[in-house]
Amino acid sequence: MKNFVMAALGGTVAGALLTTQVAGPLLAQENARKTSVYEQLDLFGDIFERIRAQYVEQVEEGELIEAAINGMLTSLDPHSSYLPPKDFGDMQVQTRGEFGGLGIEVTQEDGFVKVVSPIDDTPAAEAGIEAGDFITHVDGESVLGLTLDDAVGMMRGPVGSEIVITVVREGFDEPFDVTITRDTIKLTAVRSRTVGDTVVMRLTTFNDQTYPNLEEKLAEEVAELGGMEAVNGFVIDLRNNPGGLLTQAIKVSDAFLDKGEIVSTRGRDPQDGERFNATEGDLTEGKPIVVLINGGSASASEIVAGALQDHRRAIVVGTKSFGKGSVQSVVPLRGDGAMRLTTARYYTPSGRSIQSLGVSPDIVVAQPTRRPDAEEEVDNRPRRSEADLRGSLDNDSISEDERQLLLKEQQKAEDAAKLRDEDYQLAYAIDILKGLNALGPTD
């Protein structure tokens, strides 16, 4: 018994010694860390006071604090930033779909402003700005070294005023200037049209109106063709769509899926992860889908493309997407400002992160580049066929109705050929849907 008590006592002493040896250094490290943080905050205060007292010009104290906050956030990643009250208000208006500006979504790379995508039917798009362009100067003033918000601020101005931006574009030997007139940007979230028997849905952004517009316009186009049985498939055009609201990306993906995961998000704490699943119901009733993407397709666009690709619900065509696989939370702050903070990464249903990698298309199809100064060659030589020859024999194997149907199909093919000159990637997508239908069962 004595030996047992001594052994127990020895264990207690050893346990106490071990606890002291482990916990002691940990507490010391924690205290040292806190001390270091407080010392750095004191250092910040010293610098702030020195600037206020001795800087060569009078400075606005509030602007100094905002700059310090923004510097702290922008040092984390390109998408975290501080939104002063005016910028926060502009962002809320932009989410609703109408705002003033040039009409480009931008990020920062190598110190310069990089165009993620121009927005359809905006001054920037009409001026020929393309995804991947680098903006190096605004009205002759370099943007190198500026924060993204400061560079964007240089591009803002009254509606109707002109701005000259200097652009560096891959494939061009020299930078060139582009003059753009600022205007009020009204975002039409979804545009639709039919090309032959194909319904084309062009999604330009993911704001509050995206899913309602998609649902409404899709139904209108299907009705115009005479019902779903007359539709051979759908093209979901996400090219140059810079993204937007995660909730809308989920709704749009769900519109074409009956079940399964759409996207998951994972933050630093595993408990903060979320998973979003599709609900029953497919607006296209299972018809074939081709999704078009390019280097200007980012964020919410990549969620939709990745979800439909992983579920083998759509064929993804085009070029690799932008690769923004992170989630930003906008947190309102005191003083009517807000903080945009990257809080999670998102993952496609197969568990892949597209951060910095993008969505790779199933079929790579590049859009032919056209230089602004290039002259198009037009071949006006007349085309002749057997039917044009004098005295040619009639085709006696088909009726007049069948002949008219054949001529109609030939006209569709010629229209498709014209579309290739206008939009090669879209024409390719429509050809894929025609091919899929050609392989379908026959009655």
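The values are calculated or read from the model by the stated rules, or taken from the named source; none is laboratory data. The structure presented is a predicted model; accordingly, all values stated were derived computationally and were not measured. Heads up, the Cβs are rebuilt from the backbone with ideal geometry, glycines too, and the neighbour counts pull from every protein chain shown. Please note that ligands, DNA and RNA were not included when accessible areas were found on the heavy atoms of the full protein model with its side chains. Shrake-Rupley method; radii C 1.70, N 1.55, O 1.52, S 1.80 Å.
Inside the range 134-201, counting only strands (runs of 3 or more DSSP E) that do not spill past its ends, which hold 2 or more residues that are not β-branched (Val, Ile, Thr)?
Numbers: elements: 134-138, 162-168, 176-181, 183-186, 190-195.
Here the list reads 134-138, 176-181, 183-186, 190-195.
Filtering the range 230-264 to residues that are at pLDDT 95 or above, assigned to a strand (DSSP E or B) and closer than 20 Å to Ser353 by Cβ leaves Glu261, Ile262, Val263, Ser264.
Among the residues of the range 62-84, is any outside any helix (DSSP H, G or I), at pLDDT below 75 and under 22 Å from the mean Cα position of the chain (by Cα)? So far as the range 62-84 goes, no, none of its residues is outside any helix (DSSP H, G or I), at pLDDT below 75 and under 22 Å from the mean Cα position of the chain (by Cα). Among the residues of the range 136-171, count how many are touching a Lys or Arg at 6+ places or on another chain (Cβ under 9 Å), at pLDDT 90 or above and surrounded by 12 or more Cβ atoms within 10 Å (Cβ to Cβ). Number satisfying all stated conditions: 1. Among the criteria (1) surrounded by fewer than 17 Cβ atoms within 10 Å (Cβ to Cβ); (2) at pLDDT 90 or above; (3) not hydroxyl-bearing (Ser, Thr, Tyr); (4) not in a loop (DSSP other than H, G, I, E, B), the one Lys320 does not fulfil is (4). Is it the case, given these coordinates, that Ile180 is under 17 Å from Pro118 (Cβ atoms), modelled with pLDDT of 90 or more and out of contact with any Ser or Thr (no Cβ under 8 Å at 6 or more places or on another chain)? Criteria met by Ile180. Of the residues making up the range 192-217, those that are open to solvent by less than 30 Å² (accessible area, probe 1.4 Å), touching a helix residue (DSSP H, G or I) at 6+ places or on another chain (Cβ under 7 Å) and farther than 17 Å from Gly233 by Cα are Phe206, Asn207, Thr210.
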